[in-house]
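Below is one structure, written out as structure tokens; the observations come after it.
The values are calculated or read from the model by the stated rules, or taken from the named source; none is laboratory data. Worth saying up front: this structure is predicted, and the values here are computed from it rather than measured. Because the Cβ atoms are built from the backbone with ideal geometry, glycine has one as well, and the counts that use them run over all protein chains shown. Surface accessibility is based on the protein's heavy atoms, side chains included, excluding ligands, DNA and RNA. Shrake-Rupley method; radii C 1.70, N 1.55, O 1.52, S 1.80 Å.
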Amino acid sequence: MRKLFIGLLLISGLGAGALFTGLADPLVRWQVKGALVESGIGEGRAECMAERMVERLTLGQLWKLRQGMAAQEGEPEEGYGFGELVKRLRRVDDGEAVAVLTTSAGLCALGIG
């Protein structure tokens with residue numbers, strides 16, 4: 001039992017170290033890109049946006065964005081309009097995260113991200 005506890009503690013420490021030192025950034029970037037592609041953004045633009053978002057936001061902010069933008073009960077999964085997008089962005093309740101998301105989308109759409 002003690003060996004199991006020490007093993008779990010060691011694995012948790014290594015995982016936390018990877019997150020704080022940036023070694024896990026490629027995995028985080030891959031997850032963000034996948035979520036953007038799932039939401040209907042093209043592969044190239046999603047890659048550009050994910051790069052900018054992972055550099056500028058914390059894991060907590062990325063999680064808030066994912067949770068806030070996810071469809072809740074009674075909301076459409078896809079194909080929603082501007083009003084629904086604004087409602088979901090307000091739900092995120094993190095101005096910096098929303099600003100990074102929107103500027104990343106704009107800059108990457110223009111090809112200067």
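With both labels modelled 7 Å from their Cα along Cα-to-Cβ, the GLU77 to ARG56 distance reads 3.0 nm.
Annotation: for a label point projected 7 angstrom from Cα along Cα→Cβ of LEU110, residues of the range 74-103 with backbone N closer than 11 Å are 103. Note on the range 24-113: with neighbouring protein chains present and a 1.4 Å probe, carbon and sulfur make up 55 percent of its accessible heavy-atom surface.
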